[in-house]
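As structure tokens, the structure follows; a few thoughts come after it.
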Amino acid sequence: MIFHPGILALVIGSALLTLMAAYGVLLGVRVFLRWDFRSSSAAQLVLERKTSLISSITNYVLGFQIISALLFVYTVEDIHPLFVGAMCATGSLNANPVGWYALFSKIIVCFAAGLWIILNHLDQQAEDFPLVRLKYLLLTLLLPAIILDSVLQLRYFLGLDPDIITSCCGSLFSEADVSVAGSIAGLPVLPSMIVFYAGTALLLSLGVFSLYSKNPLPRYFLSVSAAAFFVVALASIVSFISMYIYELPTHHCPFDMLQREYGRIGYPLYISLFGGVFFGLLPGIFRPLWNIPSLRETVQRLERTWILLSMGGLIIFVALTSHRIYSSNLTYFSY
């Protein structure tokens, strides 16, 4: 099992990325403790050169960390035929429940890595590097999450046994199940649709308002609403979007849509959702940086791009889901 190409790539890649991240943190701690931009000493010059090296290393590490999240999902989906009773990635994850924790940790690290990359980019746009201490402090805090993610992933793959009989999405995402997944699958369709499209309208409205308003409040509301919409969208995928894709009112799995027979529609759905939510978080999170004179113009310029990317990702996600619902042979009134 461990010799599956995807698993080998993930395990070896995670080990290397963790070592590189740890090296970056060790250098970053020195920069954090000794940084003084006002100094013209030789030691400060060395630190400025090192911070450039650390930033480059960390950008690659965290960039590959984001890519590994997508590879993990693809690999988990790809290995499901190896388990008795598994019909999709749900069965693979149920074969060793540690896999669910690994999946959740990858989602968290993915968002955190993206935020650090943006923070580092902003810092490098200013001549006085005003975010050096902050970004290396956050990198130090991020390292345990990266290590935990690698450990969970390794434990998951090492704990897989092809002889085990696993349960799949039919039992987990069932309206009769008393778990959280079952409760979400059992949400009524029409109210779920109303909440989903109302949340979409709210986010788009806040995005437009943020583009043309200098008031910081719309940006904070946009970030909070983006985080809330992420939860609503995932619940909507399980509760009603999935069954229109599968054209079966009892099928609520969020992973089967990654398979070829459904046109792998799950990949553009999830990528557009994650991208739209991520860029929607940025305006509110980085709005306080307007108070730093050397960053104000840069943040103002990038903020507009973030909002447009967020709205674009959201529109693609909603357009894809709405098209599948509209073109599906399953209708709400048919059951």
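Relative contact order for the stretch 228-304 using alpha-carbon pairs under 8 Å, separation at least 6, rounded to a whole percent? Please list the in-between numbers first.
On the way: 49 pairs, mean separation 14.2, N = 77.
18 percent.
Along the stretch 275-280 the Karplus relation, 6.51 cos²θ - 1.76 cosθ + 1.60 evaluated at θ = phi - 60°, assigns HN-Hα couplings of x, x, 5, 4, 5, x Hz to successive residues, with x for each Gly and Pro.
Once you have the Cα-Cα distance between Tyr197 and Arg264, take 0.36 nm times their residue separation minus that, and quote the gain in nm to one decimal.
Values: separation 67, 0.36 × 67 = 24.12 nm, distance 2.34 nm.
Between Tyr197 and Arg264, full extension yields 21.8 nm more.
Please work out whether the stretch 113-253 counts as rounded, prolate or oblate from its C-alpha gyration tensor, where a ≥ b ≥ c are the square roots of the eigenvalues and a/c under 1.5 means rounded, while otherwise a/b larger than b/c means prolate and anything else oblate?
In terms of gyration-tensor shape, oblate.
Between Ile285 and Ser56, the C-beta separation translates, for a Förster distance of 25 Å, into a calculated FRET efficiency of about 0.60. For the stretch 152-228 and the stretch 14-73, what is the separation of their Cα centres, given in Å? Between the Cα centre of the stretch 152-228 and that of the stretch 14-73, the gap is 32 Å. With the helix formula -39500 (n - 2.57) applied to DSSP H stretches of n ≥ 4, the chain reaches a computed 222 nm mean residue ellipticity of -25000 deg cm²/dmol.
Here the relative contact order of the chain, from alpha carbon pairs under 8 Å that lie six or more residues apart, stands at 17 percent. Legend: residues Val73, Val25, sorted from most to least accessible area (1.4 Å probe; ligands, DNA and RNA excluded), read Val73, Val25.
Placing one equal scatterer on every Cα of the stretch 60-164 and applying the Debye formula, the log10 ratio I(q)/I(0) at q = 0.13, 0.16, 0.19, 0.22 Å⁻¹ is -0.54, -0.71, -0.89, -1.08.
Keeping every protein chain present and rolling a 1.4 Å probe, give me the accessible area per residue for the chain in Å².
I get 48 Å² per residue for the chain.
Shape annotation for the stretch 181-233: C-alpha extents along the principal axes are 43, 17, 10 Å, from largest to smallest.
Based on Cα contacts under 8 Å between residues 6+ apart, the stretch 194-242 shows a relative contact order of 44 percent.
Extension gain, Tyr220 to Ser205, is 4.1 nm, computed as 0.36 nm per intervening residue step minus the present C-alpha separation. Phi-derived couplings, Karplus 6.51 cos²θ - 1.76 cosθ + 1.60 at θ = phi - 60°, listed residue by residue for the stretch 10-17: 5, 5, 5, x, 5, 4, 5, 5 Hz, with x used for Gly and Pro.
Of the solvent-accessible surface of the chain, computed with a 1.4 Å probe and all protein chains present, 71% belongs to carbon and sulfur. Counting only protein heavy atoms and using a 1.4 Å probe, the accessible area of His323 comes to about 110 Å². Taken one residue at a time, the phi angles of the stretch 258-266 give Karplus couplings (6.51, -1.76, 1.60, θ = phi - 60°) of 7, 8, 4, 5, 10, x, 6, 4, x Hz. Gly and Pro are set to x. Given R0 = 56 Å, the distance between the Cβ atoms of Glu127 and Ser183 translates into a calculated FRET efficiency of 0.60. Each of Ile147, Ile107 has its accessible area taken with a 1.4 Å probe; listed largest first, they run Ile147, Ile107.
A viscosity of 1.002 mPa s and a temperature of 20 °C, combined with the Kirkwood radius over C-alpha pairs in the Stokes-Einstein formula, give the stretch 1-135 a diffusion coefficient of 127 µm²/s. In terms of its alpha-carbon gyration tensor, the stretch 233-335 comes out prolate; a/c meets the 1.5 threshold, and the first ratio a/b outweighs b/c. If R0 is taken as 22 Å, the Cβ-Cβ distance between Phe64 and Trp100 corresponds to a FRET efficiency of 0.45.
With the simple spin-label model, which puts each label point 7 Å out from Cα in the Cβ direction, the Ile315 to Arg296 separation comes to 3.2 nm.
Tell me whether the chain comes out rounded, prolate or oblate; compute the Cα gyration tensor, take square roots of the eigenvalues as a ≥ b ≥ c, and use a/c under 1.5 as the rounded threshold. Walk me through the intermediate numbers first.
Details: a/c = 2.95, a/b = 1.38, b/c = 2.14.
Oblate shape, in that a/c is at least 1.5 and b/c is the bigger or equal ratio.
Kirkwood's formula applied to the C-alpha pairs of the stretch 106-193 gives a hydrodynamic radius of 17.2 angstrom.
The values are calculated or read from the model by the stated rules, or taken from the named source; none is laboratory data. Small disclaimer: the values here were computed from a predicted structure and weren't measured. Don't worry about glycine lacking a Cβ; one is built from the backbone with ideal geometry, like all the others, and counts go over all protein chains shown. Keep in mind that these areas ignore ligands, DNA and RNA; they rest on the heavy atoms of the full protein, side chains included. Shrake-Rupley method; radii C 1.70, N 1.55, O 1.52, S 1.80 Å.
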